[in-house]
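Engineer: Take a look at this one; I'll ask things after.
The values are calculated or read from the model by the stated rules, or taken from the named source; none is laboratory data. Bear in mind that the values here come from a model prediction, so they are computed numbers and not experimental data. Cβ coordinates were reconstructed from backbone atoms using ideal geometry, including for glycine residues, and neighbour counts include every protein chain displayed. Side chains included, ligands, DNA and RNA excluded: accessible areas come from the protein's heavy atoms. Shrake-Rupley method; radii C 1.70, N 1.55, O 1.52, S 1.80 Å.
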Amino acid sequence: MSATDRPVVFRNGLVLTMDDAHTVLPGADVLVIGDRIAEVGVGLTAPDDALEIDATDGILMPGMVDTHRHLWQTAMRGYGADWTLTQYFVWYYLESGKLFRPEDVYAGNLLGAIEAIDAGVTTTVDWSHGLQTPEHADAAVDALEAVDGRFVLAYGNIQQGPWQWATSPEFRDFHRRRIDGGKLAGFQMAFDVTGDPAFPERAAFEVARELGAPVTTHAGVWGATNDDGIRLMHENGFMTPSTVYVHAATLTHDSYNRIAATGGSVSVSTESEQSAGQGYPPTWQLRHHDIPVSLSMDTSVWWSGDLFSAMRSTLGADRSREHLEAHAKQETITHCHLRAEQVVEWATRGGARALGMDSTIGALTPGRQADVVLIKNDASPAMFPILNPHGHVVFQAQRADVHTVLVGGRVVKRDGRLVGVDLAAARARVAATIDHLRETMGEQAWQRGMNPDIPETAILENPYQYTEWDAGSAQWKH
Ligand SMILES: [Zn+2]
């Protein structure tokens, strides 16, 4: 980030600092100098040349952190809205995903990266498992570097076993060229552990250890990964505090205990788990095992790409489960365990911690990087009154209310408009990708992929249908 940008001062906002005490400051200012937060408090003195932004009737909070997003798939936004994991595996891995050229990965990443900062998600892990060649990988990084956000590249290649791509000279060469001393905020290795007793993934874990790269892995995914993968990782010493377990929805206590004991964290993608079928969104389990949580949106080929949706769906799913479990025992929940404040913490600090960036991002405290989001929309009836600030962020606010966004002190969105972004060019690239995919697949296959068959619904017999409404007499006939 450029240190030459003007200082910025936000005036008179409701500040959710997300510091250790979760301090909330009404009518407060946030002063940004260079790439850092200089001061947070009431009536701050700012340098004469500071850009002043009125935060009255708005909420100031740290930039949000998404710890698992397949950005390349943004090119096919919404296409898989009615998929399950089964359709996803067939279409993305065997059909459309294979057809992605480097320029298509670039197009998806570029639009997804822009979408993230627009929604106040200032740090995103690009879980990039479509890197079929080094050219695809270069394209992914080129796109991330073209957008003023923080991006962690999680390198993966679904078309090969991780023991193949991770040990290839091309991968090493890529790491040397693009990661060492590069512009990205971080680097991870992204692959899944199938539970094969021979544990072929060992070779990839060894490379990750040698490179000092955290591993992020889809764990506890119904029908795909299970307790065996966790056990193999644990028995072979590859579960570390920097390991990120994505979903972790279909696991037993034993696996949760192994995750808790080794200090790793879980990236919960509630919208994904709810409709794809990995398992019930696991925060209700993770809370009991005291496992750190971060939030993620997974992919906008199916779902939304903003963390307001993640916070809202996660809070709802956790409470839904709590009520359901109680009702099964004829009990009533009178007080919910999970609070709005906690999911705001997961969307900010939780993500920062999962990425080992807790000392630099995730909170509005002096000295930290100035990743700041102002949620304010004077034209929206839903932005007044603001009484319960964390609850307001979770259940009332949405991406269109993101007024201003700073990343490392740089203004990337202001007054609801992206700054320095050529959205038309990004759209044109995605349009070209769609033309390519549609032409290559053929119209029939394209339509079939978007519209999976609906199984027949068995209508149960209804014993109460012995009466009939007679419209003439306006009476029930027996
Ligand atoms: Zn995923």
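Engineer: ARG178 versus (1) open to solvent by less than 20 Å² (accessible area, probe 1.4 Å); (2) within 23 Å of ASP66 (Cα to Cα): which is the lone unmet condition?
Structural biologist: (1)
Engineer: Among the numbered conditions (1) among the aromatic types (Phe, Trp, Tyr); (2) out of contact with any strand residue (DSSP E or B) (no Cβ under 8 Å at 6 or more places or on another chain); (3) in a loop (DSSP other than H, G, I, E, B), tell me where TYR256 comes up short.
Structural biologist: Result: TYR256 passes all but (3).
Engineer: Which residue out of THR365, THR348 is in contact with a Pro (Cβ under 6 Å, 6 or more places away or on another chain), polar (S, T, N, Q) and touching a residue at least 60 places away in the same chain (Cβ under 8 Å)?
Structural biologist: Going through THR365, THR348 in turn, the sole match is THR348.
Engineer: For a quick check of your reading of the model, give me the residue pairs whose first member lies in segment 263-289 and is among the charged types (D, E, K, R) and within 16 Å of the ligand (Cβ to nearest atom), whose second is at pLDDT 95 or above and open to solvent by 40 Å² or more (accessible area, probe 1.4 Å), with beta-carbon atoms closer than 9 Å and at least 6 apart or on different chains.
Structural biologist: GLU273/TYR280
Engineer: If you check every pair at least six apart or on different chains, which have Cβ atoms under 9 Å apart with a residue in segment 12-30 that is part of a loop (DSSP other than H, G, I, E, B) first and a residue that is open to solvent by 40 Å² or more (accessible area, probe 1.4 Å) second?
Structural biologist: THR17/THR23; THR17/VAL24; THR17/LEU25; HIS22/GLU341
Engineer: For residues that are among the charged types (D, E, K, R), surrounded by fewer than 16 Cβ atoms within 10 Å (Cβ to Cβ) and under 31 Å from the mean Cα position of the chain (by Cα), tally how many sit in segment 429-463.
Structural biologist: 5
Engineer: Considering only residues that are more than 13 Å from the ligand (Cβ to nearest atom) and in a loop (DSSP other than H, G, I, E, B), look in segment 63-81 and name the one that is surrounded by the most Cβ atoms within 10 Å (Cβ to Cβ).
Structural biologist: GLY63
Engineer: Identify the single condition in (1) open to solvent by 10 Å² or more (accessible area, probe 1.4 Å); (2) within 15 Å of the ligand (Cβ to nearest atom); (3) β-branched (Val, Ile, Thr) that VAL246 does not satisfy, given that it satisfies every other one.
Structural biologist: The single condition VAL246 does not satisfy is (1).
Engineer: With the requirement that a residue be part of a helix (DSSP H, G or I), open to solvent by less than 10 Å² (accessible area, probe 1.4 Å) and either within 16 Å of the ligand (Cβ to nearest atom) or not β-branched (Val, Ile, Thr) (or both), what does segment 106-129 give you?
Structural biologist: ALA107, GLY108, ASN109, GLY112, ALA113, ALA116, listed by residue number.
Engineer: Taking the stated definitions as given, is SER359 under 14 Å from HIS403 (Cβ atoms), surrounded by fewer than 19 Cβ atoms within 10 Å (Cβ to Cβ) and either among the aromatic types (Phe, Trp, Tyr) or out of contact with any Cys (no Cβ under 8 Å at 6 or more places or on another chain) (or both)?
Structural biologist: Numbers: under 14 Å from HIS403 (Cβ atoms): no; surrounded by fewer than 19 Cβ atoms within 10 Å (Cβ to Cβ): yes; either among the aromatic types (Phe, Trp, Tyr) or out of contact with any Cys (no Cβ under 8 Å at 6 or more places or on another chain) (or both): yes.
No, not satisfied.
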